[in-house]
Amino acid sequence: MNDRVREKSELAVVYHLEFTLGEKRFALPLENVERVVHAAEITVPPESPDLVEGFVNYKGRILPVVDISPRFHMPRIPLDPSFHFIIVTVKQKKYALIGHTVAGVMKTPGNTIVPPNDIVYGVEYLAGVISMENGMMLIPDLGKTLAFAPGEIKALKDAVKKKHAKGKRT
């Protein structure tokens with residue numbers, strides 16, 4: 001289990017941003033969330049990592065738009081104007097995560113967060129599961145979920161550089 005999740009699960013209250021992808025409910029630790037914005041038109045780059053849907057200009061900075069659905073064995077849903085981009089910071093890098101709906105900030109009693117390895121060993125992209133009266137909510141481990149293979153990282157950096165350079169010329 002992620003030590004950070006264990007420490008938080010012992011606290012009285014933890015704050016998360018609740019959002020959905022399809023029918024599944026997710027919760028992001030609020031400390032990783034900078035802002036939620038309406039989805040906007042994206043630029044689709046060639047040769048980008050599988051999770052990257054495209055790029056978006058956020059406050060003058062080019063961010064990868066990431067759909068984490070494949071990490072959780074879920075089908076992708078084409079980007080819709082009703083969706084949201086959840087701007088997160090992970091390991092000093094910013095990403096725009098796709099959220100189909102965003103419910104807002106929720107207080108989570110720390111004792112309702114179950115470490116994934118307490119359920120089944122080897123769950124790779126999950127930091128925890130919130131047990132609720134009306135179901136469960138998954139807490140993605142953003143460090144692992146947004147980790148790209150070395151070749152994917154180079155392709156992503158090259159695509160961002162091309163997009164940024166193109167943006168300066170126009």
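The values are calculated or read from the model by the stated rules, or taken from the named source; none is laboratory data. Keep in mind that this is a model prediction, so the values were computed, not measured. Positions of Cβ are generated from backbone atoms using ideal geometry, with glycine treated the same way; all protein chains shown enter the neighbour counts. Just the protein is used for accessible areas: all its heavy atoms, side chains included, with ligands, DNA and RNA removed. Shrake-Rupley method; radii C 1.70, N 1.55, O 1.52, S 1.80 Å.
The residues on offer are Ile130, Ile139, and the sole one that is over 24 Å from Leu51 (Cα atoms) and either modelled with pLDDT under 70 or touching a strand residue (DSSP E or B) at 6+ places or on another chain (Cβ under 6 Å) (or both) is Ile130. Of the residues making up region 95-112, none is touching a helix residue (DSSP H, G or I) at 6+ places or on another chain (Cβ under 9 Å), open to solvent by 10 Å² or more (accessible area, probe 1.4 Å), in a loop (DSSP other than H, G, I, E, B) and not β-branched (Val, Ile, Thr). Tallying residues that are open to solvent by 40 Å² or more (accessible area, probe 1.4 Å), within 14 Å of the chain's Cα centre (by Cα) and either more than 18 Å from Arg25 (Cα to Cα) or modelled with pLDDT of 95 or more (or both) within region 69-91 yields 2. Residue selection: Leu17 fails the criterion of being touching a Ser or Thr at 6+ places or on another chain (Cβ under 6 Å) and within 18 Å of Gly135 (Cβ to Cβ).
With respect to being open to solvent by less than 30 Å² (accessible area, probe 1.4 Å), touching a residue at least 60 places away in the same chain (Cβ under 8 Å) and touching a Gly at 6+ places or on another chain (Cβ under 6 Å), Phe26 falls outside the description. The residues of region 45-68 that are free of Cβ contacts under 8 Å to residues at least 60 places away in the same chain and open to solvent by less than 20 Å² (accessible area, probe 1.4 Å), listed by number, are Gly54, Val56, Leu63, Val65, Asp67.
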